[in-house]
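First up is the structure itself, then whatever we jot down about it.
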């Protein structure tokens, strides 16, 4: 009779009590949260357009917290960004500088309490700084003397005292403009540089100091097309301001391009340099070029060098060619003052009275290895063993267009490069099948057939491989006895034997020989050897049984050691658990080889194969791995991209259609038949992996020795018979005792009746749970209600900071007029402002120097920002702006805009300008050039931009239609308008609208800031194209020929190069005239 224990009612009461407590804990915060959410929703609906009014009451105390780093809204913002605010507005600073002292005053309007920087800097500390009412406290703040000002308008003024007038003083760049008076004389165009230094006098050195100067010349020779000569002159001068000639600094055959100097310099086309010296250290940069190849670097007899020794660095162009300088002495740049940004190059000492020879060693890739291929081969043996199917994956980085031919006795079925099927062609010389590689880092997949499996070419291609691995898959029932040729083999029977395996084989065989004689020893040797590397074969279990059997046989049964007897019996059971499934699997695989495990190498064996997984599961797993690998290859590839001509204007539907037709032009002819190839095997049999430790030549081969399916069946029968004989020998004399032990009876365990269990206290668990929830969950809920989460605080910050729709573009200039007379300018404009904002004036400092700026006939509040432009403060409304000032003494100057006017009118009779369209719409910059220019090549102190050099890049697209994309690109610095004549090709037909050719050339007009110009044309299909570079002083050419797979190209003349930065292998020529 079975007793059913009674369950106490207290258990249910306890659980109900705990559940009630939990419900109360959950409902109370939920109800509170719901009521607060309804209240917040109601208030949000009643909110006005003010962002702060829509904030729930529970979040309003957090508004100062989220805006802790925001500036006060009282400061005016810029027209383009409400969060970009300007706290103080200093306009014109008036500076009086004398021999013993100086003074300054500046009006400033402050909108929030802030630190205001004062003129003078740390070197010339301002004294007696007042605001008109009281003297102010001046302290250092941000490496500048500063005063702390509250909101309001001030007129600050102060003094300096010095023993003699300094050369320069620091003036904060935030000031609007400077009115300078030196020794009682006004300076119309103060020299206030971009670093904030105002130059009072360039020559304040005492009279005892003599006029001295010294300079060094450092050069960088850059190979390319054209060749550039960069020059840096480090000049040191003392004494009074003066003009001096430094001599000739341009070697023979070089054309002057650009000069950049902080002091006035004048250089003519011969390289003769004049400077207006002032005391100090100066760096003068000169760029020159040549469009013809260099043979010698030297000075002509008519232009003797300024210095007997110069330091020269060489920067080569390894993609183009390899050159070296001869006749110069290499030196250690660390021991000189050579420019730091050139010190990573080889530096030479050049004695300028002799010539330095320019020697070309090789062109293009030179002695580099032409091809670098990594090949992964997968070979599938046919069921009859007379042929195979191969799948090759090739990765590499060919240096030039290369033909890849398959090995002999191999037949290509299909080839895919970057996932795109390729046209298989025959080599016109050898007749071998193959494809051409036209991209730099191709991923190639090739599928084909081979009939001769006695000797298989290792690489499979008529090219060597840097890295090679081959995996050979055998059909069901086949085995690999041995494979010769690779450095290492994994998976064949012969090389799978290790020293440990041979040691175990010999130990087991010798033990059987000593225990039972030579016939059992041979049976053990043959059976152990044939089964050792089979999947699931018993190996250690034989030793586990052999040890107790041997001990019992040696000690004798009279000792009756129960431990050894039990050990022997357990070992028999373990052996049978291993041997019976193994035998069943061997019989199954012998009858149905397709059911044997797949893709299991010889070294990988489990003890209990039947406990690992079934053969069908293993087949599914290996098949999934193969499909995954194949799918990954297909998904990760990209279409080979054909370089497109860059178009600066937005793409229209016609342009998109043109690009699509360009891609189609480089594909196959629709009538071309593309090989589909043989089917790619999807099964994986027993595999053998071949590995090479180094490069593999195309003459190496692999020689497999195979065990056919029928031969393996015979070996399976022999294997099972030997296992049965070996088991019978070891089990001799064991069956009787084992049978008796199984039927000898066992003690029955005592009957244990049911025990009376103590009833659990049912209320303890639920109450403990409720207690934990009350003290752990409730405070967290309360804390989360008191402190908003970070996402809520971020949302609150954005809501409070939100502004009206006019915040991002709060001002505009519908019209502006500019009048330039001599060196004076006058600007008048109409400005619309939808709210009080800061608006930038045109013209970047130091292009012009204002003398008066007015808004509605009142002096404007002005500030200068780090962008170099003056900004004026405008109230809401429509305003008239008027500015007057002077421009720098120059033959060229630019007028740039941040806020571009909608319409601009210019009145400048002595100037020509570019950057203004015919309808009056200006670009971001207008370039002015004085009409009375000096003759080209004549030295002038205000000329920086001399000759411009241009590259004509012609890209030939040889496809179904022969297209030519021509791009003319400025290689020198912009800033000068130039007109050039570009020669056309023979029979070239221009198809770009708006461009016409006359007398075999196209006139191209470059604006001052324009960098490139391009057009498209066509050529008739012909057997060959002849390209010739014509001599020109400022033009160099580059030719690129891109062919589709239906064309094969050979070139004569100069050798092409292949740019490593391009994804495709496109031959490129950089011809010299």
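Values quoted throughout were computed directly from the atomic coordinates according to the rules given, and no laboratory measurement underlies them. Since this is a predicted model, take the numbers as computed values, not measurements. Note: ideal-geometry Cβ built from the backbone for every residue, glycine included; neighbour counts use all protein chains shown.
Between residue 902 and residue 420, residue separation times 0.36 nm minus the direct Cα-Cα distance comes to 168.4 nm.
Taking a ≥ b ≥ c as the square roots of the Cα gyration tensor eigenvalues, the range 340-440 comes out prolate, since a/c reaches at least 1.5 and a/b is larger than b/c.
In the range 968-1073, Cα pairs under 8 Å separated by at least six residues give a relative contact order of 24 percent.
In terms of other Cβ atoms within 10 Å, 444, 137 run from fewest to most in the order 137, 444. Taking 0.36 nm per residue of separation and subtracting the Cα-Cα distance, full extension of the segment from residue 993 to residue 876 would add 37.4 nm. Given a Förster radius of 45 Å and the C-beta distance between residue 680 and residue 1018 as r, what FRET efficiency does 1/(1 + (r/R0)^6) yield to the nearest 0.05? Plugging the Cβ-Cβ distance into 1/(1 + (r/R0)^6) gives 0.65. Model label points for residue 501 and residue 260, set 7 angstrom from Cα along the Cα-to-Cβ axis, are 7.1 nm apart. Applying 0.36 nm per residue to the separation of residue 455 and residue 336 and subtracting their alpha-carbon distance, the gain on full extension is 36.3 nm. Cβ-to-Cβ counts within 10 Å put 690, 709 in ascending order as 709, 690, the fewest first. Taking a ≥ b ≥ c as the square roots of the eigenvalues of the Cα gyration tensor, an a/c ratio of 1.5 or more together with a/b larger than b/c marks the range 950-1069 as prolate. Applying 1/(1 + (r/R0)^6) with R0 = 41 Å to the Cβ-Cβ distance of residue 852 and residue 794 gives a FRET efficiency near 0.30. Using the Cβ-Cβ distance between residue 487 and residue 721 with R0 set to 51 Å, the FRET efficiency from 1/(1 + (r/R0)^6) comes to roughly 0.85.
For the range 386-444, the square roots a ≥ b ≥ c of the C-alpha gyration tensor eigenvalues yield an a/c of 1.5 or more together with a/b not exceeding b/c, which makes the shape oblate. Annotation: the residues 972, 914, sorted from fewest to most other C-beta atoms within 10 Å of their own C-beta, follow the order 914, 972. In this label model, residue 513 and residue 981 are separated by 10.2 nm, measuring between points 7 Å along each Cα→Cβ vector. Remark: relative contact order (the range 145-250) = 21 percent; criterion is Cα-Cα distance under 8 angstrom and separation of 6 or more residues.
Each of residue 193 and residue 547 was given a label point 7 Å from its Cα along the Cα-to-Cβ line. The distance between the two points is 9.0 nm. Our summary gives the range 83-199 a relative contact order of 33 percent, counting only alpha carbon pairs under 8 angstrom and 6 or more residues apart.
Of all the Cα-Cα pairs you can form in the range 811-930, what percent are over 23 Å apart? More than 23 Å apart: 24 percent of the Cα pairs in the range 811-930.
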